[in-house]
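Participant: Just passing along the structure, written as structure tokens.
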Amino acid sequence: MVSSSKSEDFQDGVDGDSLRSTMATDQNVLQKHAAFFDRNHDGLVYPWETFQGFRAIGAGYLLSMAGAVFINLSLSGTTRPGKFPSLLFPIEVKNIQMGKHGSDSGVYDSEGRFVPSKFDEIFSKYARTHTNALTSDELMAMLKSNREPKDYKGWIGSWTEWKALYTLCKDENGLLRRETIKAVYDGSLFEHLERERAAAKAKATA
């Protein structure tokens, strides 16, 4: 499991202007987010690649397996419109916006683009203890508020995504910080965590 200090380590290494430049509102940043899990860069994400991606950022075996099963079963069909279902459950990265579920924050629009006003709304509405971070209770309040009636799939999807993010990336005070959340939307957080974990393993075996 990734240590809670990763959130703070990430912020220390982030240049605000460069991070904002990766979040251009006319870019399908949702594709970049999903592309991290395309381990062989062929445009498809298979369950074993989702598992490998979770492991690369420090998730445990159980979370990685659960994530692979849930994500690929949920998104394979919707991202492969008009194609015969595959028992390998691949996800097509280029169509990832088609798998966008309901009951979410709205930070990605229907085309997979980043919506700054919706991102800011997360903190203006729910960050009561700290202006630029969410506690566990505040995160749960946001998820509850975002629920659409009878959208059970969306409820589960949102809860799974945010709980995994909180578990992996909360800081030592149990806070999920603004820049950490922003970075996960464009995939740069995943890349950072993978580098950190690889460096830690190399140091341990040196």
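The values are calculated or read from the model by the stated rules, or taken from the named source; none is laboratory data. All values reported here derive from a predicted model rather than from experimental measurement. Every residue, glycine among them, receives a Cβ derived from its backbone with ideal geometry; neighbour counts consider all protein chains shown.
Participant: If I go through segment 80-115 residue by residue, how many of them are at pLDDT 90 or above and part of a helix (DSSP H, G or I)?
Facilitator: 6
Yes/no matrix, rows are residues, columns are (1) of a type in the set (S, T, N, Q); (2) outside any helix (DSSP H, G or I); (3) on the phi < 0 side of the Ramachandran plot; (4) modelled with pLDDT of 95 or more:
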{"site": "M142", "(1), (2), (3), (4)": "no, no, yes, yes"}
{"site": "S145", "(1), (2), (3), (4)": "yes, no, yes, yes"}
{"site": "K153", "(1), (2), (3), (4)": "no, no, yes, no"}
{"site": "I156", "(1), (2), (3), (4)": "no, no, yes, no"}
{"site": "A164", "(1), (2), (3), (4)": "no, no, yes, no"}
{"site": "N173", "(1), (2), (3), (4)": "yes, yes, yes, yes"}
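Participant: Ok, one more. Go through segment 145-169 and give me each residue that's more than 14 Å from the chain's Cα centre (by Cα) and within 10 Å of D104 (Cα to Cα).
Facilitator: Of everything in segment 145-169, those that are more than 14 Å from the chain's Cα centre (by Cα) and within 10 Å of D104 (Cα to Cα) turn out to be S145, N146, R147, E148, G154, W155.
Participant: While we're here: Go through (1) at pLDDT below 95; (2) surrounded by fewer than 20 Cβ atoms within 10 Å (Cβ to Cβ); (3) in a loop (DSSP other than H, G, I, E, B); (4) in contact with a helix residue (DSSP H, G or I) (Cβ under 8 Å, 6 or more places away or on another chain) and name the single condition A59 misses.
Facilitator: Tallying (1) at pLDDT below 95; (2) surrounded by fewer than 20 Cβ atoms within 10 Å (Cβ to Cβ); (3) in a loop (DSSP other than H, G, I, E, B); (4) in contact with a helix residue (DSSP H, G or I) (Cβ under 8 Å, 6 or more places away or on another chain), A59 fails exactly one: (2).
Participant: State whether the residues of segment 120-139 include one that is under 21 Å from Y152 (Cβ atoms), within 15 Å of the chain's Cα centre (by Cα) and modelled with pLDDT of 95 or more.
Facilitator: yes
Participant: S76: more than 17 Å from V29 (Cβ to Cβ), modelled with pLDDT of 90 or more, of a type in the set (S, T, Y) and crowded, with 19+ Cβ neighbours inside 10 Å, yes or no?
Facilitator: Judged against the criteria, S76 is a match.
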